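Comments concern the structure below.
Read-outs: derived from the displayed coordinates by stated rules, not from any lab. This one's a predicted model, so the numbers in the text were calculated from it and none came from an experiment. Here Cβ is always computed from backbone atoms with ideal geometry, including for glycine, and neighbour counts include all displayed protein chains.
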Amino acid sequence: MPHTPSPRSPELDGLAAVVTGGASGIGLATALLLAHRGARVAVLDLAPDALPATGSEALFPIRCDVTDDASVRAGVARAVDRLGGLDILVNNAGIGAQGTVADNDDAEWRHVLDVNVLGIVRTTRAALPHLRASRHAAVVNTCSVAATAGLPQRALYSASKGAVQSLTLAMAADHIREGIRVNCVNPGTADTPWIDRLLSSADDPAAERTALNARQPTGRLVSAEEVAAAVVYLASPAAASVTGTALAVDGGMQGLRLRPEGG
Ligand SMILES: NC(=O)c1ccc[n+]([C@@H]2O[C@H](COP(=O)([O-])OP(=O)(O)OC[C@H]3O[C@@H](n4cnc5c(N)ncnc54)[C@H](O)[C@@H]3O)[C@@H](O)[C@H]2O)c1
């Protein structure tokens, strides 16, 4: 008998999730998909008002800056209060940086590492007591293909995402015996407001978009929804035996070596 999936598949019913940076792009797509699958979701973001009005009663915007420990502690406490617990933490808030090692000053290095790496540390630290109390605890970090491929003009950003991948492994080892799984997703270039900003600052945005598309073996950017599907898989009970992994959602960018077309 063929199985017909229901339009709303509630496999996350009863679970509570926090998504940092959930008001835009990959985080927003993840928050929406988690809610669609039945979870209640707190969106912790610097700009929670950017969260579009979805009419969903399962989404709670909370203002939070992941570079500020007090703000993170208060944001997680509010989320737990509102949701009645915490099972899933998606550490997604992140910012970019362009340039070689010669181009970013110490202040920018400190700031990007503060958001992209210490943001995960602070949020996970605040969430851990609640995750330990969950019978289905999962952490998913948003990493990047920049962690594992040498991309030009991305020294600082790549260093931050390399740290995210190593941190994911270390956290997975530290917390497995507490019943907490930790994984990351490694997107290729994803079509989000971040990339819109990057393109609008380029000398020739159309040529830049063509170059970014061409860098993906699939010939197109990854969508935020495609990354969200991977995050939600890793967060779900279906991935109960998956921990310490990096799941590439990159259109083949990390693993494939294509010959030029026609070659
Ligand atoms: N877009 C890409 O090509 C791409 C590729 C690989 C990985 N990523 C990663 O995906 C994640 C999301 O990127 P996106 O493209 O959706 O970006 P985005 O700019 O669309 O969204 C990022 C969100 O994070 C929030 N944020 C930024 N700093 C914050 C802080 N200090 N505290 C709380 N929230 C903060 C922003 O307000 C925003 O809502 C990032 O970690 C990024 O490094 C993006």
field: Among V76, A97, W109 - extreme Cα towards positive end, dipole of the stretch 62-125, charges at beta-carbon
entry: V76
query: Classify the chain: rounded, prolate or oblate, from the alpha-carbon gyration tensor (a ≥ b ≥ c, eigenvalue square roots; a/c under 1.5 rounded; otherwise prolate if a/b is larger than b/c)?
result: prolate
Amide proton proximity set for A42, modelled H, under 5 Å, gap of 5+: A17, V18, V19, F60
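When T123, T30, T148 are ordered from fewest to most other Cβ atoms inside 10 Å of their Cβ, what list results?
T148, T123, T30
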- line: Long-range amide H partners of V182, meaning residues 5 or more apart or on another chain whose placed amide H is closer than 5 Å, are V139, G244
message: What's the ranking of 32-41, 200-209 by average number of surrounding C-beta atoms within 10 Å, highest first?
response: 32-41, 200-209
field: Integer Hz, Karplus 6.51/-1.76/1.60 couplings in order for the stretch 176-183, x for Gly and Pro
entry: 4, 7, 9, x, 10, 8, 9, 9
Peptide ranges 23-29, 125-131 listed from the most packed, as the mean C-beta count within 10 angstrom indicates: 23-29, 125-131
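What is the extension gain from R132 to E225, computed as 0.36 nm multiplied by their sequence separation minus the C-alpha to C-alpha distance, in nm to one decimal?
Separation in residues times 0.36 nm, less the Cα-Cα distance, equals 30.6 nm.
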message: For the chain, what does the helix formula give at 222 nm: sum of -39500 (n - 2.57) over DSSP H segments with n ≥ 4, over the residue count, nearest 500 deg cm²/dmol?
response: -12000 deg cm²/dmol
task: With the convex hull built on the Cα atoms of the stretch 1-115, state its orientation-averaged projected area in nm².
output: 9.6 nm²
task: Apply 1/(1 + (r/R0)^6) to the Cβ-Cβ distance of R259 and A107, taking R0 = 41 Å, and write down the FRET efficiency to the nearest 0.05.
output: 0.40
message: If the rule is a partner Cβ under 4.7 Å, which cysteines in the chain fail it?
response: C64
- prompt: What is the distance in Å between the Cα centres of the stretch 228-244 and the stretch 87-160?
  reply: 19 Å
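Between R197 and T54, what's the calculated FRET efficiency when r is the beta-carbon distance and R0 is 25 Å? Round to 0.05. Don't skip to the end; give the middle numbers.
Working: r = 23 Å, r/R0 = 0.93.
Computed FRET efficiency for R197 and T54: 0.60.
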- line: Scalar couplings 3J(HN,Hα) for the stretch 136-147 by Karplus 6.51 cos²θ - 1.76 cosθ + 1.60 (θ = phi - 60°), nearest whole Hz, x for Gly and Pro, are 9, 9, 9, 10, 10, 9, 8, 9, 5, 4, 5, 6
- line: Among the DSSP H helices of the chain, those whose Cα atoms extend at least 18 Å along the helix axis and whose mean Kyte-Doolittle hydropathy is -0.5 or higher are 69-83, 119-132, 155-175
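At 0.36 nm per residue, and after removing the present C-alpha to C-alpha distance, how many nm does the segment from A149 to T210 gain when stretched out fully?
Residue separation times 0.36 nm, minus the Cα-Cα distance, leaves 20.0 nm.
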- line: When H111, H175 are ranked with the fewest other C-beta atoms within 10 Å first, the list becomes H111, H175
field: Förster radius 22 Å - calculated FRET efficiency between A47 and R125, Cβ distance, rounded to 0.05
entry: 0.45
query: Long-range amide H contacts for G251: which residues qualify at under 5 Å (H placed 1.01 Å from N, peptide plane, sequence gap of 5 or more or a different chain)?
result: G188
